[in-house]
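The values are calculated or read from the model by the stated rules, or taken from the named source; none is laboratory data. Because the structure is predicted, anything quoted here is derived from the model rather than measured. Glycine gets a Cβ as well: all are built from the backbone with ideal geometry, and neighbour counts include every protein chain shown.
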Amino acid sequence: MKKRLVLGQHFLVSNSIAKSIVDFAAITKKDTVYEVGTGYGILVPYLCQAAKKVTTVEKDRELYSLAVRKFSKYSNLTLKFGDGFKMDEKFSVFISNLPYSKSKKAIEWVAEKKFLRAILMVQKEFAEKLLVSSRKKRRAIGVLANYSTKIERIMDVKRNNFSPKPHVDSVVLRFTKKRQLSSQVIKTVNLLFSYRNKTTRNVAKELGFMTDLNGRFEDLTGDEIVKLAKRIVQL
């Protein structure tokens, strides 16, 4: 268990919360579900019961082997070993309860993919970064998430529902897909935020193009920031 703690792995142990997560995903027998981070498989039975097909991926060899032993009876389940973010899977619903350190990576990956809905469990502080309304306090990851999806705060989850117990509480978020973004645009939005205290025209000048946008970069709407990133990518 000490190894899991060092790796930032905190596993959900509440079956009632696991069932609620699957219920919030509104999965039907037409849906193909993709889960990154099988863990101890607390979501697997509920996912298999609700979906047409479930693929779950685990990069920890011990946990993957455990899942193979525990869940071989489910005919609509595919278990895979490796990095789920590097696999080319098609799905309608994405679900994950990743280590907190992987949350940003997961959101950027979600911004690129085509799907209907996603349910992610994230650290409370990270959820607040995605949902913040203040333009001065927002981050690049929030702009990317809100441009590509509609985000809903579904449920707060106290830290005592995990083992080992983390130092913070978690939040379950539902993402409904709106638009896809390319990896180049995602990288460019992150780059633009390194200039957030400059005027938009100075940002454009430093990056080698002209713009008719006025004011400071931090005053732009999220859509304007993504539009600017797309223009840079096309240069």
Here the residues within region 114-151 that are under 19 Å from VAL189 (Cβ atoms) and of a type in the set (S, T, N, Q) are SER133, SER134, ASN146, SER148, THR149
Looking at this structure, is GLU112 of a type in the set (Asp, Glu), modelled with pLDDT of 95 or more and closer than 21 Å to SER163 by Cα? no
From the option list ASN202, ASN214, single residue qualifying as outside any helix (DSSP H, G or I), farther than 29 Å from SER20 by Cβ and among the polar types (S, T, N, Q) is ASN214
Got a sec? Which of LYS150, LYS227, LYS165, LYS136 is out of contact with any Pro (no Cβ under 9 Å at 6 or more places or on another chain), assigned to a helix (DSSP H, G or I) and not polar (S, T, N, Q)? LYS227
Number of the condition not met by TYR40 [criteria: (1) in contact (Cβ under 8 Å) with a residue 40 or more places away in the chain; (2) surrounded by fewer than 20 Cβ atoms within 10 Å (Cβ to Cβ); (3) in contact with a strand residue (DSSP E or B) (Cβ under 7 Å, 6 or more places away or on another chain)]: (1)
If we keep only residues of region 1-46 that are under 19 Å from ASP169 (Cβ atoms) and touching a Pro at 6+ places or on another chain (Cβ under 7 Å), then the residue modelled with the highest pLDDT is HIS10
From the set of residues in region 190-212 that are surrounded by 14 or more Cβ atoms within 10 Å (Cβ to Cβ) and of a type in the set (D, E, K, R), which is farthest from GLU224 (Cα to Cα)? LYS198
Any hit, region 3-18, residues being of a type in the set (Phe, Trp, Tyr) and assigned to a helix (DSSP H, G or I): no
Considering every residue within region 97-112, establish whether at least one is free of Cβ contacts under 8 Å to residues at least 40 places away in the same chain and either polar (S, T, N, Q) or part of a loop (DSSP other than H, G, I, E, B) (or both). yes
Identify, please: which residue in region 111-130 is of a type in the set (A, V, I, L, M) and touching a Leu at 6+ places or on another chain (Cβ under 8 Å) and is, among those, nearest to ARG216 (Cα to Cα)? LEU130
Test: residue in region 75-82 that is aliphatic (A, V, I, L, M) and farther than 30 Å from LYS129 by Cα: yes
